[in-house]
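These notes are about the structure you will find just below.
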Amino acid sequence: MDNNSLQRNTYQYYGAIHIHTKYSDGTGDIYEISKAAKKAGLDWIIITDHNNFECEEGIFNDIYVIRGEEISPHGGDHYLALGINNQIEPNKDVQININKVREQGGFGFAAHPDESQCRKNKHIPLLWKNKEIIPDGLEIWNWFSNWGDNLNDRNIFQLAYSFLFKNKIITSPRNELLSWWDELNLHSQNIVPAIGGVDAHALKFRYFIIPVTVFPYKTCFKTITNVISTESPLSSDFETAKKQILTSIKQGKNTIVNRNICNEVPQINISNGKNSATCGEAISLTDNTYLNILTNKQIGYKIINDGKEYSQAKTNGCEIPIKNTGKYRIEFSYAGRNFAYTNPIFVTQGES
Ligand SMILES: [Zn+2]
Ligand SMILES: [Zn+2]
């Protein structure tokens with residue numbers, strides 16, 4: 001790349017968010033889960049048991065294990081609460097849950113807000129019911145819930161296919177949800193961040209007395225991954241590292257990548273001749289503003305500026321002139337499937 005890219009030194013760490021343990025409807029303990037995370041090439045994970053805060057946190061098997069909670073009122077409006085210190089009892093009034101998280105200095109993401117209402121199976125979708133209630137951020141991609149949306153149990157063959165080729169039936173986040181995310185960003189002075197969740201449970205069943213784990217943690221951890229960038233390496237002190245990880249997520253300094261589709265993390269930044277900004281950051285517009293994409297593979301990109309398509313093409317790495325202010329996010333595709341979503345970069349008018 002040329003000088004315009006103004007690369008800064010940042011560090012990248014892979015993590016999985018939205019995991020259930022034996023303390024709610026998952027099956028694993030923290031030793032088993034951290035071991036699976038290690039094998040899947042992760043650096044950190046965030047546990048979010050339903051209405052439970054008993055799981056330990058700390059460094060296990062070299063993995064930073066952070067505890068959050070999935071505040072789960074009956075029938076939907078699940079909220080992934082991060083950065084809290086005490087368990088929060090679910091309230092049917094979702095705004096109360098959001099406020100309680102903020103009161104503890106935490107922040108949260110609407111979990112699987114758009115489960116499909118036209119599923120080909122009998123499982124009832126758990127939605128974010130009232131879109132007038134604005135969460136701090138959105139879980140735009142949820143592996144388990146996406147699988148559940150596409151699980152077809154109309155006959156035994158389709159059912160078997162759904163279980164045997166789990167990753168093949170995973171689809172992109174729905175356009176309505178991405179539009180809601182863009183809408184929230186359009187009306188906010190800040191960046192409204194998004195995450196991808198695995199919603200890992202490692203459910204165990206017995207088929208003819210043979211115990212079978214249907215969604216092993218390791219399998220889930222190799223799919224939807226949040227790659228965060230930090231200014232300095234993660235500390236070996238757990239509390240410091242936890243703060244680094246949570247701050248990155250809160251600011252939207254993560255790219256969501258389904259590694260099962262393509263194991264590539266495209267790098268992006270916007271430079272204006274003086275500074276450069278990456279996901280979750282702001283930069284002012286000059287006559288010399290470019291969006292830079294760095295990738296090791298030929299991939300497709302689609303740039304979205306304030307909810308509208310700005311440009312799209314295939315690339316091995318390129319720079320695209322930026323002429324408008326507003327928020328820019330990018331969707332990447334490989335072999336016809338979308339596999340990565342960046343958080344926005346905010347291009348502002350005036351000095352920065
Ligand atoms: Zn949930
Ligand atoms: Zn969940």
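Throughout, read-outs are computed from the coordinates displayed, never taken from laboratory work. In this text the structure is predicted, and so the values were computed from the model without any measurement. Cβ placement follows ideal geometry from the backbone for every residue including glycine, while neighbour counts extend to all protein chains displayed.
Numbers at a glance
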| item | result |
| --- | --- |
| Cα gyration tensor shape of the stretch 264-348, rounded if a/c is under 1.5, else prolate or oblate by comparing a/b with b/c | prolate |
| Straight-distance crosslink candidates among lysines, where the alpha carbon sits under 19 Å from residue 120 and sequence neighbours closer than 8 are dropped | 166, 168 |
| Counted charge near residue 69, where neighbours are those whose Cβ lies closer than 11 Å (Asp, Glu -1; Lys, Arg +1) | -2 |
| Rounded to the nearest 20 debye, dipole of the chain from Cβ charges on Lys, Arg, Asp, Glu | 1140 debye |
| Anisotropy class of the stretch 76-140 from Cα gyration tensor, a/c 1.5 cut | prolate |
| Between the stretch 292-352 and the stretch 62-106, the Cα center-to-center distance that results, in Å | 32 Å |
| Net charge dipole size for the stretch 264-348 [Lys, Arg +1 and Asp, Glu -1 on Cβ; Debye, nearest 20] | 140 debye |
| For the chain, with +1 on Lys and Arg beta carbons and -1 on Asp and Glu, the positive-most of 104, 52, 254 along the dipole | 254 |
| Value at 222 nm in deg cm²/dmol, rounded to 500, when DSSP H runs of n ≥ 4 in the chain each add -39,500 (n - 2.57) | -5500 deg cm²/dmol |
| Gaussian network model of the chain, Cα within-10 Å springs - most flexible of 108, 317, 68 | 317 |
| Listed residues 338, 292, 276: farthest to the positive end of the dipole of the stretch 264-348 (Cβ charges) | 338 |
| The stretch 220-313: C-alpha gyration tensor shape, a/c 1.5 cut-off, then a/b vs b/c | oblate |
| The chain: radius of gyration over Cα atoms, expressed as a fraction of 2.2 N^0.38 Å | 0.97 |
| Residue-count net charge about residue 180 - beta-carbon cut-off 10 Å; Lys, Arg +1, Asp, Glu -1 | -2 |
| Neighbour net charge for residue 79 - beta-carbon separation under 10 angstrom, K R +1, D E -1 | -4 |
